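Values in this text are rule-based calculations from the coordinates and carry no lab data. A quick note: this is a predicted structure, and the numbers were derived from the prediction, not measured. Here the Cβ positions follow ideal geometry from the backbone for every residue, glycine too, while neighbour counts run over all protein chains shown.
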């Protein structure tokens, strides 16, 4: 085992475990709600916000400015408000259709805005593709604290969130303010997505969110067991990935993989 590679992969491995922890839980809600592509839509809306921020700012500091981050997060809150408003059991339009329309509009608007900031196209590409191997320990600790706060928020309000996700019509019939609680769910979900996409990119985050949850549903109907299965799958997958990197032989003098 090459300890140089192990040291190099330590931070990405820690980041992947953090992503697995929060996304496997959120994936249970997403699958139960039947809004499989909400992650992609919110991520694209966040990219639109970041793109507009890059066009508006003139200092050329790139995507990692506070203005870009808050603009991106603000747009995800707008998306959260839209998704929470359109979800009713009396609606003739499926919520997934609204999610798809929002994704298409945000993608088209991002392309148009990107043409006004050609020098920042690489930064925007990084937001879509991500580079988890380049994550720093500072990012890991900051993301871990943020996701711990979101996790605590969901733990405290877990009964209402699960009631709306598992049986939306029953929750509405009991007098629960479904739209408000839906907004809180999507807003907190947007906070996670905005940070996750910066680290791992849209497609990898989508896999973290959906694959463990869907696989867990095949073996259990209970939420607790599905969470345990999802977390186990994600952790084992990350361990195997690191093992593959550390077992690859390298010639003398070669640098660790970038």
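Could you give the nm distance between label points at residue 55 and residue 104, where each point is 7 Å from its Cα heading toward the beta carbon?
So the two model labels end up 2.1 nm from each other.
Any idea how far the Cα center of region 21-54 sits from the one of region 207-228, in Å?
Answer, in whole Å: 18.
What FRET efficiency, computed as 1/(1 + (r/R0)^6) with R0 = 51 Å and r the Cβ-Cβ distance, is obtained for residue 4 and residue 111, rounded to the nearest 0.05?
For residue 4 and residue 111, the calculated efficiency is 0.80.
Expressed in nm to one decimal, what extension gain is obtained for the pair residue 152 and residue 81 from 0.36 nm per residue of sequence separation less their Cα-Cα distance? Walk me through the intermediate numbers first.
Numbers: separation 71, 0.36 × 71 = 25.56 nm, distance 2.18 nm.
Contour length minus the Cα-Cα distance gives 23.4 nm.
Between residue 167 and residue 136, what's the calculated FRET efficiency when r is the beta-carbon distance and R0 is 45 Å? Round to 0.05.
0.60
Note the full-extension length gain between residue 97 and residue 67 as 0.36 nm times their separation in residues minus their Cα-Cα distance, in nm to one decimal.
7.7 nm
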